[in-house]
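Participant: Take a look at the following structure, please.
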Amino acid sequence: IGLARTQALIENLKREIQLNGTEFKGGKTNIISVTATRTLLATESGSTIYWTLGSAHNITLPDAEVGLKYTFVIAVGAAAGHYIACQSADRFFGKAVVLSETDDQVGLQNQAIAASARKALHIQSDISTTGGNAGDVVTIEAIDGTYWRVTADLHTTNANPSSIAVFKNAVP
């Protein structure tokens, strides 16, 4: 069997590979710095979004597609309201935990999967119902063609997180 034929046979193999604890070394995560309003692309899935809040601006996700995933790392907290929004046919569900920077208080918002609209995440560092300061992380992953699962670990400079309202029906 010739080299070209062997190569063609290998290229046409359609098999699953089990990695069983295999480590990949030398790989780097794609980092995208966002300083103004931006819509992410599906091809940017797997990226870490380094969000330098500054003046109020929003980030919009692409259409939900199974397996798309973004991690948002907040670089600097801001008093201006910022939003992560999904497309009009999509919805968010998941949890947002907000810790107080100045008091021993914790708030939680747990958003179930529902047909009702939860299309935006409000990120603002200084109010008791949200959070969003340096080092805070929001992970968003599409579990199907409609729903994005959210895990938000945030903190506020407000003394007492209460009635957490990170999940919103829309960007105001």
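The values are calculated or read from the model by the stated rules, or taken from the named source; none is laboratory data. Since this is a predicted model, take the numbers as computed values, not measurements. Heads up, the Cβs are rebuilt from the backbone with ideal geometry, glycines too, and the neighbour counts pull from every protein chain shown. Note: accessible area is taken over every heavy atom of the protein model, side chains too, but ligands, DNA and RNA are not part of it. Shrake-Rupley method; radii C 1.70, N 1.55, O 1.52, S 1.80 Å.
Participant: From the set of residues in region 93-114 that are in contact (Cβ under 8 Å) with a residue 24 or more places away in the chain, open to solvent by 20 Å² or more (accessible area, probe 1.4 Å) and of a type in the set (A, V, I, L, M), which is farthest from residue 45 (Cα to Cα)?
Facilitator: Filtering region 93-114 for residues that are in contact (Cβ under 8 Å) with a residue 24 or more places away in the chain, open to solvent by 20 Å² or more (accessible area, probe 1.4 Å) and of a type in the set (A, V, I, L, M), the one farthest from residue 45 (Cα to Cα) comes out as 106.
Participant: Working only within region 114-172, note down all residues that are touching a Leu at 6+ places or on another chain (Cβ under 9 Å), in a strand (DSSP E or B) and of a type in the set (A, V, I, L, M).
Facilitator: 123, 137, 138, 140, 142, 150, 152, 154
Participant: Within region 8-35, which residues are at pLDDT 90 or above and small (Gly, Ala, Ser)? Before the answer, list the steps.
Facilitator: Of the residues in region 8-35, the ones at pLDDT 90 or above are 30-34.
Within region 8-35, just 33 meets the criteria.
Participant: Which of (1) in contact with a His (Cβ under 7 Å, 6 or more places away or on another chain); (2) open to solvent by 30 Å² or more (accessible area, probe 1.4 Å); (3) not charged (D, E, K, R) is the odd one out, the single condition residue 83 does not satisfy?
Facilitator: Residue 83 satisfies all of (1) in contact with a His (Cβ under 7 Å, 6 or more places away or on another chain); (2) open to solvent by 30 Å² or more (accessible area, probe 1.4 Å); (3) not charged (D, E, K, R) except (2).
Participant: For residues that are assigned to a loop (DSSP other than H, G, I, E, B) and among the β-branched types (Val, Ile, Thr), scanning just region 1-35, find the one that is nearest to residue 56 (Cα to Cα).
Facilitator: Filtering region 1-35 down to residues assigned to a loop (DSSP other than H, G, I, E, B) leaves 1-2, 12-30, 35.
Retained after the next criterion (residues that are among the β-branched types (Val, Ile, Thr)): 1, 17, 22, 29, 35.
On the way: 1: 64, 17: 45, 22: 42, 29: 26, 35: 10 Å.
Among those that are assigned to a loop (DSSP other than H, G, I, E, B) and among the β-branched types (Val, Ile, Thr), it is 35.
Participant: Looking at region 115-123, can you tell me whether even one residue there is closer than 14 Å to residue 84 by Cβ, loosely packed, with under 15 Cβ neighbours inside 10 Å and among the hydrophobic types (A, V, I, L, M, F, W, C)?
Facilitator: Step one: filter region 115-123 for residues closer than 14 Å to residue 84 by Cβ, giving 118-123.
From what is left, the residues that are loosely packed, with under 15 Cβ neighbours inside 10 Å are none.
Scanning region 115-123 turns up no residue that is closer than 14 Å to residue 84 by Cβ, loosely packed, with under 15 Cβ neighbours inside 10 Å and among the hydrophobic types (A, V, I, L, M, F, W, C).
Participant: Turning to a different aspect of this structure: Output the residues belonging to region 31-52 that are farther than 21 Å from residue 144 by Cβ, within 14 Å of the chain's Cα centre (by Cα), without any contact (Cβ under 8 Å) to a residue 24 or more places away in the chain and open to solvent by 80 Å² or more (accessible area, probe 1.4 Å).
Facilitator: 31
Participant: The conditions are (1) closer than 14 Å to residue 138 by Cα; (2) surrounded by 16 or more Cβ atoms within 10 Å (Cβ to Cβ), and residue 90 fails exactly one of them. Which is it?
Facilitator: Every condition holds for residue 90 apart from (1).
Participant: Looking only at region 131-156, count how many residues are within 17 Å of residue 99 (Cβ to Cβ), of a type in the set (Ser, Thr, Tyr) and at pLDDT 90 or above.
Facilitator: 2
Participant: Determine the pairs where a residue that is farther than 18 Å from residue 82 by Cβ, located within region 53-66, has a partner that is of a type in the set (Asp, Glu) and open to solvent by less than 40 Å² (accessible area, probe 1.4 Å) with Cβ atoms under 9 Å apart, the partner being 6 or more residues away or on another chain.
Facilitator: Listed pairs, sorted by first residue: 62/44; 63/90; 64/90.
Participant: Separate question: Given the residues 74, 49, which is the only one that is under 21 Å from residue 158 (Cβ atoms), part of a strand (DSSP E or B) and touching a Phe, Trp or Tyr at 6+ places or on another chain (Cβ under 6 Å)? I'd like the intermediate steps shown before the answer.
Facilitator: Values: 49 fails: under 21 Å from residue 158 (Cβ atoms).
From the options 74, 49, the qualifying one is 74.
Participant: Does residue 136 fit the bill of being acidic (Asp, Glu) and open to solvent by 20 Å² or more (accessible area, probe 1.4 Å)?
Facilitator: Numbers: acidic (Asp, Glu): yes; open to solvent by 20 Å² or more (accessible area, probe 1.4 Å): no.
No; evaluated as a whole, the condition is false for this residue.
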